[in-house]
Amino acid sequence: MSALKSELKNADAVIVGDYGKGVVTQPLLNEIKTLCHERGVWLSFDPKPVHHLNLSNLSLITPNRKEAFELANLPDETKNKNPFADKNLMLVAERLLNELRPAVLLVTLGELGMLLCQRGQKPFHIPTVAQEVFDVSGAGDTVIATFTLAIAAGASPMEAAILSNHAAGIVVGKIGTATTTTEELLKSFNHG
């Protein structure tokens, strides 16, 4: 925490990824939330619902579909290629927005893309841009990192989501955990 306090002076955003290993605890998350709120720093969180953490009032939560249903404590009994026609998914998004009150909820939907949700606004579906999928390892990390960087640089949530969707589309087209370059991202937009 002392390292975070020191570095937070120069930060526009913080990303916390819970990989389910027990490092992210409620006291740790509470302290990070307090520090970020006090300093007006954007706080993005990638959850693992198995820990039952209080995820209220974060800037961004990026669960995948399975995690979103677990966070909302609802069974995932439906799946529709059109996310807006998936009544249970829409219910999950509404419940998470109302109960956790994040500034932004970005649910990753695998081959169906992403669902961008904000209170008081209609959800926005971003279809996937991946041409071929070789390995999804690291796609969630790419999404949260790209989204958060875009927000810190002044993008709107919609712009950040579209950009992170393109970045994830590049990464899943590579074998193993991979990165994307600025050139690859620009090429994706020119061909997307």
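Annotations for the structure displayed:
- Where labels lie 7 Å past Cα in the beta-carbon direction, separation of Gln121 and Lys9 in nm: 3.4
- Relative packing of 93-99, 50-56, 66-72, 161-167, which averages over residues the other C-beta atoms within 10 Å, highest first: 161-167, 66-72, 93-99, 50-56
- Expressed in Å, the radius of gyration and Dmax of the Cα atoms of the range 1-95 are 15.4, 47.
- Rolling a 1.4 angstrom probe over the range 35-76 with all protein chains present gives an accessible area of which 49% lies on carbon and sulfur atoms.
- For the range 1-55, trypsin sites (Lys or Arg not before Pro) meeting the loop criterion (DSSP other than H, G, I, E, B) and having at most 16 other Cβ atoms within 10 Å: Lys9, Lys21.
- The range 38-95 - accessible surface per residue (Å², probe 1.4 Å): 53
- Calculated FRET efficiency for the pair Glu159/Met1, C-beta based, R₀ 41 Å, to 0.05: 0.80
- Two-site label geometry, Val50 and Glu38: point separation in nm, points 7 Å out along Cα→Cβ: 3.3
- Charge tally around Asn64: other residues with Cβ under 14 Å, Lys/Arg +1 each, Asp/Glu -1 each, net -3.
- Structure note, pairs Lys9/Lys122; Lys33/Lys81; Lys66/Lys87; Lys81/Lys122: Cα-Cα distances above 25 angstrom occur for Lys9/Lys122; Lys33/Lys81.
- With both labels modelled 7 Å from their Cα along Cα-to-Cβ, the Leu91 to Glu111 distance reads 2.6 nm.
- FRET efficiency for Glu99 and Thr25, using Cβ-Cβ distance with R0 set to 22 Å, rounded to 0.05: 0.60
The values are calculated or read from the model by the stated rules, or taken from the named source; none is laboratory data. Here the structure is a predicted model, which is why all the values come from computation and not from measurement. Here the Cβ is made from the backbone with ideal geometry for all residues, glycine too, and neighbour counts use every protein chain on show. Protein only, heavy atoms only, side chains kept; ligands, DNA and RNA dropped before computing areas. Shrake-Rupley method; radii C 1.70, N 1.55, O 1.52, S 1.80 Å.
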